């Protein structure tokens, strides 16, 4: 596709569906989906997780991108050669993905206009990597629990879950005999029309509120639906783009206190051969408010500074033998 044709088609997309709001995707020389390209630290994080943990080269993976928005993460994996299915519930978002797919000639990227709550193993198959990025905190209970269970059923190896969590356990919901804690958040006004909900591109498709899990409850749910282990990604480090409202200013990196990236692994539970009593004991849920203890008391930094200052002053005035005795006492 020629440069002028790309620019013309991009402008038509913008006129019909509005400008891009999420993925800054490089389309051609000096042409990006955003007029002023910006970076996304999470892009590196998600690709590196898959490369490190999926057990296959990126080009051998089958990847599912759930609620893909404007498609950058699925497109990135497709550019690496993976077979990707991207599901999105809003036509306005999916048309932008269609455009990028056409420009970049990504025949290995399949797009589906659908509600991710309809995810089905029989219909969609199984995937090496499932991307559940920025969607959980838009779903209400019990849909969000059902959705996580559906993810487990289609996941063959790893699911990458990037989500806001609740920092309080003020609300609870019981699903399949298990109680999960968190809080409720607003998605739409209760009197919002279907058209207004559809126009809110970064919100839920229909539910007026959402249930946000605490960290502990989300980890427990992942285990309950069949994931054998769950890990939190700390590196590559995630911080905000300087072009975003919450941003990095110079060396000041702004991060979410309530957002985490978890990697849930679909493995096989292993027997414990050296300890029958441990092997027979049940795996317990993570408590919402664990009681923490420390192995060793720490020496406050201020105390160390004061000790160093005192030794320095004593060394100037006291005789050597006295200094030696006092040094041992201070230490």
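At-a-glance table
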read-out: Normalised contact order of segment 97-211, rounded percent, pairs of Cα under 8 Å and 6 or more residues apart; value: 25 percent
read-out: Least to most buried among 289, 42, 126, 215 (fewest other Cβ within 10 Å first); value: 289, 126, 215, 42
read-out: Stretchable slack from residue 126 to residue 5, in nm (0.36 nm times residue separation minus alpha-carbon distance); value: 39.9 nm
read-out: FRET efficiency for residue 38 and residue 176, using Cβ-Cβ distance with R0 set to 41 Å, rounded to 0.05; value: 0.50
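Computed from the coordinates by the stated procedures, all read-outs in this text should not be read as laboratory data. None of these values were measured; they are calculated from a predicted model. Here Cβ is always computed from backbone atoms with ideal geometry, including for glycine, and neighbour counts include all displayed protein chains.
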